[in-house]
1. Which value, in Å³ per residue, describes the convex hull spanned by the Cα atoms of the stretch 75-220?
2. Within the stretch 208-256, which trypsin sites (Lys or Arg not before Pro) sit in a loop by DSSP and count at most 14 neighbouring Cβ atoms inside 10 Å?
3. Could you tally the net charge around PRO34, taking each other residue with its Cβ under 9 Å from the Cβ of PRO34, Lys/Arg +1 and Asp/Glu -1?
4. Holding the Cα-Cα limit at 32 Å, pick out from LYS171/LYS217; LYS321/LYS479; LYS98/LYS292; LYS42/LYS136 the pairs that are longer than that.
5. Can you give the Rg/Rh ratio of the chain, where Rg is from the C-alpha atoms and Rh is the Kirkwood radius?
6. Tell me which of THR459, LEU472, PRO449 sits at the most positive position along the dipole axis of the stretch 437-476, charges placed on C-beta atoms (Lys, Arg +1; Asp, Glu -1).
7. Counting other Cβ atoms within 10 Å, keep those with at most 11, restrict to DSSP loop, and tell me which GluC sites (Glu not before Pro) in the stretch 287-325 are left.
8. Can you pull the semi-axes for the stretch 2-312, root of five times each eigenvalue of the Cα gyration tensor, sorted largest first, whole Å?
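Rule-based calculations on the coordinates, nothing more; no lab input. No experiment lies behind these values; they were computed from the predicted model shown. Cβ: placed from backbone, ideal geometry, glycine included. Neighbour counts: every protein chain shown.
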Amino acid sequence: MIQNPILTGFHPDPSICRVGDDYYVATSTFEWFPGVMIYHSKDLKNWRLVSRPLNRISQLNMTGNPDSGGVWAPCLSYADGMFWLIYSDIKIVEGAWKDGHNYLVTCNEIDGEWSEPVYLNSAGFDPSLFHGEDGKKYLLNMVWDYRPNKHSFNGIALQEYDHAQKKLVGKSEIIFTGSELGLTEAPHLYQIDGYYYLLTAEGGTKYEHAATLARSKDLTGPYELHPKNPILSSWGNPLHPLQKAGHGSMVQTQDGQWYLAHLMARPIHRLGKKITEERGYCPLGRETAIQKMEWENGWPIVTNGPLPSTEVEAPNLPEVKWEQSFTGKDLFEGKELLPCYQTLRIPFSDELGEIKDGTLRLFGRESLGSRFTQSHVARRWQDFSFDAETVVSFSPDSFMQAAGLVCYYNTATWVSLQITWCEKKGRVLQLLSSDRGNVAVDGESIPLPDEAEFVYLRTAVREDMFTFTYSLDGQTYEKLAPSYSSYKLSDDYVNGGGFFTGAFVGMHCQDTSGNRSTATFTSFSYNPVYEDKHMHIKSMEKQGTV
C-alpha cells in the first residue's frame, strides 16, 4: 500500500510522468530557489529528490518577486528523447494583473544541466505542454483577464508550439471555459483511445478545491464534462484528514493502470485541537498525494473517490526503497548545500555566504522582510512535530546585525531566535517575531557572556505550538517565553488562503549597517518526533476522527 501524502511538507501542484520504468513528479517552489523540485520513484511509493532544474538566474530571476510569486505549477513531460519542463514566473500576486511569464526548458537527463529558457507568453499561469500523437506540440494555460467587467479566470487556451523556431505559432484559442465550480486552471491534456481528455483544477486552491475532467473527439473541442465531476475533492467532508484535494495530473503504469498525483493539505486541528475555523490551518502547506484510478463507461474515475484515500493500492511493481534522508544532523561539507535547503528568490552564492572549513558562513544582508537579498538558508517543515537545532557563532556590535534560527512563512510572518546587540546589554539573545507585518520583541533579551562563542539554538514544534530553547554548552537548555501558534505559519492565517507556500525552518544573518558581518553555523539538524511521517493519521484513527 502507498501511504499519503507521498511528498510531505510544501510540495504543491504535482506534475507526474513516466519514462520506461521510472516515474517523476515535479512540484512548485514559488519564491524559493532553486526553482522546481523533481522527485523520482520506481514504484509510486518511495520517492527521492533528484533534480532542482532552475538553478541559475538566467533561468529564473525572482529578485523582488512578491511572497508566493515565482514558480507556479510546473509541467514535466518526456518526448523525443528528452525531458520538457514548462513553468511560470509570477511577478504580481494581488490586484488586477499577475504579469506571469511562461517558459520552457529541456534536458536529456533528469538530473542534468537544463537549457536556457524559451519565453512562451504571459497570458496566464499553470502552463502545460501537450505532445500529440501526430508529433505536434501545444501549449495550454489558463488565461488571466484583468478587465474589471470580466471574470479573471477566462478559460483554458491552446496554441501550437514549434520547437524548431522555439516559439508559439498560429492562433491561441480558448477550448474550455470550465464547469459551474469555476476558477478553472491547471490544464493537463491526454490523448487516449480516440478522445482528448482535459484534466483541470477548479474551485480555487483552498478547501473548495477540486479536480474535474472533460473530453472531446477534437483537440479544440467542444469538451463535454465528466458525468461524475468533480472526480476528486475533499470539500464535502470537513473531517477528512486530506483536505484541499485537487490540482493533479495522471500517469499510466507499465501494465496499463492509471494513477492521479494531486495536491492536498492536512489541517493541524484534526489532531484533536480545533483552532478557530471549522477546517483548520495547514502549516505544512499543500502537499502531494496519489490516488489509484479506474475506467467507467469511457471515463477515468478515482477509485473509492471522489474523497482522496489516505492509503492506496500500489501498482504491481517491485518495491524500490532509497537511502536518501534529510533528517538528522547536517554537517556542512564540500561547497554545495544539501538539496533539502533553499534560499529566497536568488541562488546561494558568495553574495550570501559560503561553506568553508566544515561550516556554513552567512554574510549579513537585508532583513527577513526583504524581497531582494536575504542571507537565509532554510528547509521545509515536513512533520507536525519535530526538533530543529543549529549552532552559531556571531559577534554583533550593532542592533542592525542579527543572526540565528528562524521559523518562517513569508516576509510578513515569522519568528526568529537570534543573536543581536542592544545598547544596555551588549550582545544578547532575542526572540523577534513578525505577525502579518506587526514586529515585536517577545520577552526579555538575554545577555550572552563574552566567553560563549557558540550558542545552541533549538525549536521544538509540537503540532499546534512551537517553542524555542537555547544552550551555551549543548547540554543544558533554557526555555524561552512565549510559545507560538503553528497555525500562524500557514496560508490560511497569513492571508485567508491567498498565499501558497508552507512553513520553513532555517538559518539567517542580517546586517543593515552595511558591514556584512559574518555568522558561522557549524551544524543544522532536523529530527521528526513521530516514529514515521504517517503517525498523524494513526493518531487521528485512535481519536475516531478518521
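1. Enclosed volume per residue, from the Cα hull, is 133 Å³.
2. Values: sites: ARG215, LYS217, LYS228, LYS244; in loops: LYS217, LYS228.
Those satisfying the criteria are LYS217.
3. +2
4. LYS321/LYS479; LYS98/LYS292
5. Rg/Rh for the chain comes to 0.97.
6. With unit charges placed on the Cβ atoms, the residue in question is THR459.
7. Sites meeting the loop and neighbour criteria: GLU319, GLU323.
8. Values: eigenvalues 137, 101, 92 Å².
Sorted largest first and rounded, they come to 26, 22, 21 Å.
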